[in-house]
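Just so you know, all these numbers are worked out from the coordinates, no wet-lab data involved. Given the structure is predicted, the values throughout are model-derived calculations rather than measurements. Positions of Cβ are generated from backbone atoms using ideal geometry, with glycine treated the same way; all protein chains shown enter the neighbour counts.
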Amino acid sequence: MNRNDILEKLKDIFKIVVNNGVDIASVTEGANIGLDLGVNSIGLLYMAIAIEKEFGVDMADVAPSTFKTVADVIDYIEKH
């Protein structure tokens, strides 16, 4: 799976899990998860659970707050 495929799946996760009215077009690799996308700590937790289910990665060893940008999330998924 390439970075663009991962990004598209992450957009779906943002639409469903982090339903805060954010424009999905603004979900880009450079977007700051908290500042640009308005995801709070609870949203990060829900997002981590959805990422585990969607991509089959174990996120137990990393705090969701570690991810500052969407690119950080994509990098983590690619490595695991």
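Extension gain, Lys53 to Asn40, is 2.7 nm, computed as 0.36 nm per intervening residue step minus the present C-alpha separation. Rg and Dmax over the alpha-carbon atoms of the chain stand at 11.1, 30 Å. Near Ile16: Cβ cut-off under 12 Å, other residues only, Lys/Arg at +1 and Asp/Glu at -1. The net charge is +2.
Summing -39500 (n - 2.57) over the DSSP H runs of n ≥ 4 in the chain and dividing by its residue number, what mean residue ellipticity at 222 nm do you reach, to the nearest 500 deg cm²/dmol?
Numbers: 3 runs with 40 residues, N = 80.
The helix contribution divided over the chain gives -16000 deg cm²/dmol.
For Thr69, nonlocal amide neighbours, meaning residues 5 or more places apart or on other chains whose placed amide H falls under 5 Å from its own, are Ile33. Within the listed set Ala60, Ala25, Ala50, the residue fluctuating most in the Gaussian network model of the chain (springs between alpha-carbon atoms under 10 angstrom) is Ala25.
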